[in-house]
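The values are calculated or read from the model by the stated rules, or taken from the named source; none is laboratory data. Given the structure is predicted, the values throughout are model-derived calculations rather than measurements. Neighbour counts run over all protein chains shown; Cβ positions are idealised from the backbone, glycine included.
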Amino acid sequence: MTSPVEVRVVASEEELKACFAVRTEVFVVEQSVPESIEYDAYDAVAVHVLAVAPDGEPLGTGRLLHGPEALGKTGGDLTVGSLGRLAVRKSARGLGVGVALVRAIEAEAVRLGLSAVDLGAQTHALGFYEALGYEAYGPEFEDAGIAHRAMRRTLP
């Protein structure tokens with residue numbers, strides 16, 4: 001069955017604003033992440049993806065960091081991308097939007113020639129990422145007051 005959700009690489013300022021609106025709703029409002037740390041310099045160099053409903057309503061977003069801009073996120077390995085800021089609106093959870101976003105980010109990573117994708121998963125989401133082939137490594141750490149674990153998936 002084909003999902004009615006479309007995920008696309010952001011190509012306009014309007015789409016980027018929609019990504020930011022979803023992130024604000026999920027991270028700043030719902031999870032109380034300070035807006036001052038939600039948005040960073042990486043937003044200017046990231047590949048952003050946006051999931052939209054058939055009517056064009058934004059449902060979710062995520063970003064991929066790669067290359068020299070991502071050195072701080074990947075430990076310096078330029079063949080490893082960093083998936084981050086994955087957010088799905090509460091009304092769209094359980095519909096496969098998160099999976100579609102992760103797979104779109106991975107497809108972009110493959111297109112860019114990357115060998116793996118790292119991420120920092122909120123600990124409550126470990127099972128979600130494990131089901132998608134990610135493996136946790138290293139100790140638990142705190143980011144924005146929320147417990148996380150580092151995870152990686154080697155790309156096919």
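The C-beta contact set for segment 12-31 (first residue in contact (Cβ under 8 Å) with a residue 60 or more places away in the chain, second residue among the aliphatic types (A, V, I, L, M) and surrounded by fewer than 16 Cβ atoms within 10 Å (Cβ to Cβ), distance under 8 angstrom, 6+ apart or interchain) comprises 27/144; 31/144; 31/146. Among all positions in segment 4-12, there is at least one residue which is of a type in the set (Asp, Glu), touching a Pro at 6+ places or on another chain (Cβ under 8 Å) and surrounded by fewer than 16 Cβ atoms within 10 Å (Cβ to Cβ).
Tell me whether segment 56-65 contains one or more residues that are modelled with pLDDT of 95 or more, small (Gly, Ala, Ser) and under 19 Å from residue 9 (Cα atoms). The answer is yes; a qualifying residue exists. Of the residues making up segment 88-115, just one is within 14 Å of the chain's Cα centre (by Cα), within 15 Å of residue 67 (Cα to Cα) and of a type in the set (Gly, Ala, Ser), namely 109.
Within segment 35-67, being part of a strand (DSSP E or B) and of a type in the set (D, E, K, R) holds for one residue alone: 63.
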